[in-house]
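These notes concern the structure reproduced below.
The values are calculated or read from the model by the stated rules, or taken from the named source; none is laboratory data. On a predicted model such as this, the values are computed, not experimentally measured, just so you know. Glycine also receives a Cβ, built like all others from the backbone with ideal geometry; neighbour counts cover every protein chain displayed. To get the accessible areas, we keep the full protein, side chains included, count just its heavy atoms, and leave off ligands, DNA and RNA. Shrake-Rupley method; radii C 1.70, N 1.55, O 1.52, S 1.80 Å.
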Amino acid sequence: MQVEVTYYAMLRERRGLSVETIQTEAAGLGALYDDLAGKYGLPTERHHLKVAVNDQFASWENSFASGDRIAFIPPVSGG
Amino acid sequence: MFALSDLPLLEHSLVQSLNDPAAGALVTFEGRVRQQNQGRAVTRLEYEGAELLAANEFQSIEAEACQRFDITQLHCVHRTGMLEIGEIAVWIGVLAPHRGPAFDACRYLIDELKKRLPIWKKEYYADGDSGWINAP
(Lines give C-alpha, C1' and ligand atoms only; values in the text may rest on other atoms or scores of the structure.)
Protein backbone atom coordinates (compact mmCIF):
# COMPACT_ATOMS: atom_id res chain seq x y z
CA MET A 1 0.00 0.00 0.00
CA GLN A 2 0.96 3.62 -0.36
CA VAL A 3 1.55 5.95 2.59
CA GLU A 4 3.03 9.38 3.16
CA VAL A 5 5.93 9.46 5.61
CA THR A 6 7.14 12.62 7.38
CA TYR A 7 10.46 12.92 9.21
CA TYR A 8 11.17 15.65 11.73
CA ALA A 9 14.27 17.37 13.08
CA MET A 10 17.18 14.96 13.51
CA LEU A 11 15.37 12.23 11.55
CA ARG A 12 14.67 14.66 8.70
CA GLU A 13 18.34 15.58 8.50
CA ARG A 14 19.42 11.95 8.63
CA ARG A 15 16.95 10.95 5.90
CA GLY A 16 17.78 14.02 3.81
CA LEU A 17 14.14 14.97 3.20
CA SER A 18 10.95 15.90 5.08
CA VAL A 19 8.19 14.02 3.32
CA GLU A 20 8.04 11.09 0.93
CA THR A 21 5.36 8.84 -0.49
CA ILE A 22 6.33 5.20 -0.29
CA GLN A 23 4.99 1.77 -1.18
CA THR A 24 5.17 -0.67 1.72
CA GLU A 25 4.01 -4.13 2.74
CA ALA A 26 5.10 -3.65 6.37
CA ALA A 27 2.71 -5.24 8.89
CA GLY A 28 2.72 -2.34 11.36
CA LEU A 29 4.21 1.03 12.21
CA GLY A 30 7.20 -0.51 14.00
CA ALA A 31 8.00 -2.79 11.07
CA LEU A 32 7.68 0.14 8.67
CA TYR A 33 10.12 2.22 10.72
CA ASP A 34 12.58 -0.67 10.99
CA ASP A 35 12.52 -1.08 7.18
CA LEU A 36 13.20 2.61 6.62
CA ALA A 37 15.82 2.77 9.39
CA GLY A 38 17.71 -0.10 7.77
CA LYS A 39 17.48 1.45 4.35
CA TYR A 40 18.46 5.01 5.27
CA GLY A 41 20.67 4.68 8.36
CA LEU A 42 18.17 6.09 10.86
CA PRO A 43 18.59 5.27 14.57
CA THR A 44 17.68 1.62 15.15
CA GLU A 45 16.64 2.05 18.80
CA ARG A 46 12.93 2.74 18.43
CA HIS A 47 12.18 3.25 22.13
CA HIS A 48 13.61 6.81 21.95
CA LEU A 49 11.15 7.67 19.19
CA LYS A 50 7.39 8.09 18.79
CA VAL A 51 5.09 7.70 15.85
CA ALA A 52 1.96 9.54 14.74
CA VAL A 53 -0.72 8.65 12.21
CA ASN A 54 -2.87 11.37 10.66
CA ASP A 55 -1.72 13.93 13.27
CA GLN A 56 -2.45 11.77 16.34
CA PHE A 57 0.14 9.89 18.39
CA ALA A 58 -0.04 6.14 17.76
CA SER A 59 1.54 2.96 19.08
CA TRP A 60 4.37 1.13 17.30
CA GLU A 61 2.20 -2.00 17.38
CA ASN A 62 -0.61 -0.35 15.41
CA SER A 63 -1.26 -1.22 11.81
CA PHE A 64 -1.95 1.44 9.20
CA ALA A 65 -4.01 1.89 6.06
CA SER A 66 -3.30 2.97 2.54
CA GLY A 67 -3.27 6.76 2.31
CA ASP A 68 -2.31 7.29 5.97
CA ARG A 69 0.06 10.12 6.85
CA ILE A 70 2.70 8.64 9.14
CA ALA A 71 5.20 10.80 11.07
CA PHE A 72 8.28 9.68 12.97
CA ILE A 73 8.96 11.76 16.06
CA PRO A 74 12.43 12.06 17.60
CA PRO A 75 12.73 12.99 21.32
CA VAL A 76 11.09 16.37 21.79
CA SER A 77 12.83 19.47 23.15
CA GLY A 78 10.36 22.34 23.01
CA GLY A 79 10.05 25.15 25.55
CA MET B 1 -5.72 28.22 22.21
CA PHE B 2 -2.39 27.11 20.78
CA ALA B 3 -0.31 28.13 17.81
CA LEU B 4 3.15 27.80 16.36
CA SER B 5 4.58 31.03 14.98
CA ASP B 6 7.53 31.69 12.72
CA LEU B 7 7.36 35.38 13.59
CA PRO B 8 8.68 37.05 16.77
CA LEU B 9 6.23 36.89 19.69
CA LEU B 10 4.95 40.24 20.92
CA GLU B 11 4.13 39.96 24.61
CA HIS B 12 1.85 43.00 24.55
CA SER B 13 -0.53 41.61 21.92
CA LEU B 14 -0.47 38.12 23.47
CA VAL B 15 -1.58 39.54 26.82
CA GLN B 16 -4.39 41.45 25.10
CA SER B 17 -5.70 38.20 23.62
CA LEU B 18 -6.72 37.13 27.13
CA ASN B 19 -9.74 38.95 28.41
CA ASP B 20 -12.38 37.78 30.88
CA PRO B 21 -14.25 40.01 33.34
CA ALA B 22 -14.62 36.99 35.67
CA ALA B 23 -10.85 36.60 35.96
CA GLY B 24 -9.00 38.25 38.83
CA ALA B 25 -5.60 36.77 37.95
CA LEU B 26 -3.41 36.58 34.90
CA VAL B 27 -0.21 34.50 35.14
CA THR B 28 2.15 34.44 32.19
CA PHE B 29 5.29 32.47 31.46
CA GLU B 30 7.87 33.47 28.91
CA GLY B 31 10.60 31.03 27.86
CA ARG B 32 13.60 32.85 26.38
CA VAL B 33 16.65 31.85 24.41
CA ARG B 34 19.65 31.86 26.74
CA GLN B 35 23.27 32.26 25.80
CA GLN B 36 24.59 29.03 27.28
CA ASN B 37 23.56 25.41 27.78
CA GLN B 38 25.48 22.83 29.79
CA GLY B 39 28.62 24.94 29.73
CA ARG B 40 28.61 25.66 26.00
CA ALA B 41 28.19 29.13 24.54
CA VAL B 42 25.04 29.24 22.41
CA THR B 43 24.75 31.82 19.63
CA ARG B 44 21.21 31.06 18.42
CA LEU B 45 18.48 28.43 18.36
CA GLU B 46 16.32 26.84 15.72
CA TYR B 47 12.90 25.36 16.52
CA GLU B 48 10.94 22.96 14.36
CA GLY B 49 7.40 21.78 15.12
CA ALA B 50 4.82 19.32 13.82
CA GLU B 51 1.97 21.81 13.67
CA LEU B 52 -1.22 19.71 13.53
CA LEU B 53 0.11 17.01 15.84
CA ALA B 54 1.25 19.69 18.32
CA ALA B 55 -2.17 21.38 18.17
CA ASN B 56 -3.91 18.06 18.83
CA GLU B 57 -1.63 17.17 21.73
CA PHE B 58 -1.98 20.66 23.21
CA GLN B 59 -5.77 20.21 23.18
CA SER B 60 -5.30 17.20 25.47
CA ILE B 61 -2.98 19.17 27.78
CA GLU B 62 -5.42 22.09 27.82
CA ALA B 63 -8.34 19.78 28.68
CA GLU B 64 -6.31 18.29 31.55
CA ALA B 65 -5.43 21.78 32.84
CA CYS B 66 -9.05 22.92 32.71
CA GLN B 67 -10.13 19.82 34.61
CA ARG B 68 -7.46 20.13 37.31
CA PHE B 69 -7.47 23.88 37.88
CA ASP B 70 -10.18 26.52 38.16
CA ILE B 71 -9.12 28.63 35.16
CA THR B 72 -11.17 30.45 32.55
CA GLN B 73 -8.89 31.06 29.55
CA LEU B 74 -5.44 30.21 28.31
CA HIS B 75 -3.24 30.97 25.36
CA CYS B 76 0.04 29.41 24.29
CA VAL B 77 2.31 30.19 21.37
CA HIS B 78 5.61 28.51 20.53
CA ARG B 79 8.14 29.86 18.07
CA THR B 80 9.58 28.04 15.10
CA GLY B 81 12.51 29.05 12.91
CA MET B 82 15.73 30.81 13.89
CA LEU B 83 15.84 32.70 17.20
CA GLU B 84 18.48 35.01 18.61
CA ILE B 85 19.59 35.18 22.25
CA GLY B 86 16.91 36.82 24.42
CA GLU B 87 14.02 36.17 22.04
CA ILE B 88 10.80 34.64 23.35
CA ALA B 89 10.67 30.92 22.47
CA VAL B 90 7.39 30.10 24.17
CA TRP B 91 4.66 32.20 25.76
CA ILE B 92 1.85 30.97 28.01
CA GLY B 93 -0.88 33.04 29.62
CA VAL B 94 -3.57 31.78 31.99
CA LEU B 95 -6.62 33.62 33.31
CA ALA B 96 -8.39 32.44 36.46
CA PRO B 97 -10.76 33.88 39.06
CA HIS B 98 -7.93 33.61 41.63
CA ARG B 99 -4.11 33.57 41.52
CA GLY B 100 -3.51 30.07 42.93
CA PRO B 101 -5.01 28.10 40.05
CA ALA B 102 -3.53 30.53 37.52
CA PHE B 103 0.01 29.88 38.83
CA ASP B 104 -0.58 26.13 39.10
CA ALA B 105 -2.09 25.79 35.63
CA CYS B 106 0.68 27.86 34.03
CA ARG B 107 3.30 25.61 35.63
CA TYR B 108 1.41 22.50 34.53
CA LEU B 109 1.13 23.74 30.95
CA ILE B 110 4.82 24.53 30.48
CA ASP B 111 5.94 21.29 32.14
CA GLU B 112 3.63 19.12 30.00
CA LEU B 113 4.40 21.10 26.85
CA LYS B 114 8.12 20.45 27.27
CA LYS B 115 7.54 16.72 27.75
CA ARG B 116 4.85 16.11 25.13
CA LEU B 117 4.61 18.59 22.27
CA PRO B 118 6.35 17.57 19.02
CA ILE B 119 8.72 20.54 18.92
CA TRP B 120 12.48 20.28 18.50
CA LYS B 121 15.32 22.62 19.40
CA LYS B 122 18.62 22.81 17.59
CA GLU B 123 21.40 24.73 19.28
CA TYR B 124 24.11 26.57 17.36
CA TYR B 125 27.31 27.01 19.36
CA ALA B 126 30.00 29.67 19.38
CA ASP B 127 32.57 27.08 18.24
CA GLY B 128 30.60 26.50 15.01
CA ASP B 129 29.11 23.17 16.07
CA SER B 130 25.34 22.57 16.23
CA GLY B 131 23.01 19.82 17.37
CA TRP B 132 19.44 18.76 18.09
CA ILE B 133 18.78 18.59 21.84
CA ASN B 134 17.88 15.10 23.14
CA ALA B 135 18.64 13.47 19.76
CA PRO B 136 19.46 9.78 20.23
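Below is a table of values for the structure above.
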{"item": "Filter result for B:GLU57 (among the acidic types (Asp, Glu) and assigned to a helix (DSSP H, G or I))", "result": "yes"}
{"item": "Neighbours by Cβ (under 8 Å, 6+ apart or cross-chain): first from segment B:76-94, within 13 Å of B:LEU45 (Cα to Cα); second polar (S, T, N, Q) and in a loop (DSSP other than H, G, I, E, B)", "result": "B:ILE85/B:GLN35"}
{"item": "Whichever residue in segment A:43-79 is in a strand (DSSP E or B) and β-branched (Val, Ile, Thr) and, among such residues, is most open to solvent (accessible area, probe 1.4 Å)", "result": "A:VAL53"}
{"item": "Flag if B:GLU62 is within 29 Å of A:ARG12 (Cβ to Cβ), in a strand (DSSP E or B) and not aromatic (Phe, Trp, Tyr)", "result": "no"}
{"item": "Tally of residues being open to solvent by 70 Å² or more (accessible area, probe 1.4 Å) and either within 14 Å of chain B (Cβ to nearest Cβ) or not polar (S, T, N, Q) (or both) across segment A:2-29", "result": "5"}
{"item": "Unmet requirement for B:PRO97, which otherwise passes all of (1) surrounded by fewer than 17 Cβ atoms within 10 Å (Cβ to Cβ); (2) within 10 Å of the chain's Cα centre (by Cα)", "result": "(2)"}
{"item": "Filter pass, B:ILE110 being within 14 Å of another protein chain (Cβ to nearest Cβ) and surrounded by fewer than 23 Cβ atoms within 10 Å (Cβ to Cβ)", "result": "yes"}
{"item": "Any hit, segment A:25-42, residues being part of a loop (DSSP other than H, G, I, E, B) and in contact with a Ser or Thr (Cβ under 8 Å, 6 or more places away or on another chain)", "result": "yes"}
{"item": "Residue under evaluation B:VAL27, criteria (1) open to solvent by 30 Å² or more (accessible area, probe 1.4 Å); (2) in contact with a helix residue (DSSP H, G or I) (Cβ under 7 Å, 6 or more places away or on another chain), criterion not met", "result": "(1)"}
{"item": "Residues satisfying the stated conditions in segment B:123-136, i.e. of a type outside the set (S, T, N, Q) and at the interface with chain A (Cβ under 7 Å from one of its Cβ atoms)", "result": "B:TRP132, B:ILE133, B:ALA135, B:PRO136"}
{"item": "Conditions (1) farther than 19 Å from B:LEU117 by Cβ; (2) open to solvent by 40 Å² or more (accessible area, probe 1.4 Å); (3) touching a helix residue (DSSP H, G or I) at 6+ places or on another chain (Cβ under 9 Å): number failed by B:SER60", "result": "(1)"}
